[in-house]
């Protein structure tokens, strides 16, 4: 049976989403390799911000959104929201880069596991979205996991909490911004340039900038910008074509790969820490299954309305 255009687009969107979440999942390998080549966490963050703007500009040009960029740049309210989202994503990137280059990749993965559950709470508080029984079970399970992680570490998992909260805040802010994904990303990257330049100047004074030392270091620097923008572009394209329930399942691929990389790199995985992740995984599974069930109920409701109308 030949593939219909709609089925082909759905398949391509699924592939794009898988590539996107896989790329996010293996980011630690890139940052670890850059650290072994002499990059500090601060320089990795700065190089990402510096080079990402070039690839973001290319996306804007390819998507024909230049007029929208001009409109955003001349709208103070939109610029203010994007300045705030830029601050959130810079903090998020900084915490993540530091975690993955200082043997805290497991904490980083925990942050991205609990992020969808924090999004649920944010939706309830800010947008009056309803959380059903299964949602509260997922949130409760994740809370137990965070508590066990606190006991395992002997301190609160601050990196995990910071990563989860800043990414959730970033998502909430971007929901309020009247700009497409590519346009918003490009403007955010523009706003990062002064910060990236200042960090590089500060590090250069201490002799800690290696990104321009030779061809291989240039390649690492440029690749960090490409690796930043390309998954975001794939996500923006696939999110418009896939059900939220599908994305709900796929979004746990990234922290699962991060978790595997953390374990493979020799980070401590004590029985108590394993127990904490079991609760986190249980919460993630309940979240994903509940999303699927809601999607199925919506399809049945639509089918019933159509059948009644005909």
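The values are calculated or read from the model by the stated rules, or taken from the named source; none is laboratory data. Worth saying up front: this structure is predicted, and the values here are computed from it rather than measured. A quick note on method: Cβ atoms are made from the backbone with ideal geometry, for glycine too, and the neighbour counts reach across all protein chains shown.
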query: So which of 95, 58, 87 ends up being closer than 29 Å to residue 249 by Cβ and surrounded by 14 or more Cβ atoms within 10 Å (Cβ to Cβ)?
result: 95
query: Residues in region 229-238: is at least one buried (at least 20 other Cβ atoms within 10 Å of the Cβ) and under 24 Å from residue 148 (Cα atoms)?
result: no
task: Filter region 10-47 down to residues that are within 28 Å of residue 239 (Cβ to Cβ) and exposed (fewer than 14 other Cβ atoms within 10 Å of the Cβ) and give me whichever is modelled with the lowest pLDDT.
output: 11
- prompt: Condition test on residue 176, is it surrounded by fewer than 20 Cβ atoms within 10 Å (Cβ to Cβ) and under 28 Å from residue 42 (Cβ atoms)?
  reply: no
statement: Of the residues in region 137-157, those that are closer than 22 Å to residue 253 by Cα and either without any contact (Cβ under 8 Å) to a residue 60 or more places away in the chain or surrounded by fewer than 19 Cβ atoms within 10 Å (Cβ to Cβ) (or both) number 5
query: Right, residue 247: more than 21 Å from residue 112 (Cα to Cα) and part of a helix (DSSP H, G or I) or not?
result: no
message: Looking at (1) surrounded by 17 or more Cβ atoms within 10 Å (Cβ to Cβ); (2) in contact with a helix residue (DSSP H, G or I) (Cβ under 8 Å, 6 or more places away or on another chain), which one does residue 123 not meet, given that it meets all the others?
response: (2)
message: Just checking, does region 270-283 include any residue being within 30 Å of residue 193 (Cα to Cα) and within 20 Å of the chain's Cα centre (by Cα)?
response: no
- request: With respect to residue 52, determine if the residue is touching a helix residue (DSSP H, G or I) at 6+ places or on another chain (Cβ under 9 Å), within 30 Å of residue 100 (Cα to Cα) and surrounded by fewer than 23 Cβ atoms within 10 Å (Cβ to Cβ).
  value: no
message: Tell me yes or no: at least one residue of region 268-280 is at pLDDT below 90, buried (at least 17 other Cβ atoms within 10 Å of the Cβ) and over 20 Å from residue 15 (Cβ atoms).
response: yes
field: Among residues of region 207-216, those that are surrounded by 14 or more Cβ atoms within 10 Å (Cβ to Cβ) and under 23 Å from residue 55 (Cα atoms), counted
entry: 3
message: Let me confirm something: among 204, 169, 197, which residue is farther than 20 Å from residue 54 by Cβ, part of a helix (DSSP H, G or I) and over 23 Å from the mean Cα position of the chain (by Cα)?
response: 204
message: When you scan region 158-170, do you find a residue that is more than 18 Å from residue 94 (Cβ to Cβ) and touching a helix residue (DSSP H, G or I) at 6+ places or on another chain (Cβ under 6 Å), even just one?
response: no
message: When the residues of region 250-262 are narrowed to those that are crowded, with 18+ Cβ neighbours inside 10 Å and part of a helix (DSSP H, G or I), which ends up modelled with the lowest pLDDT?
response: 250
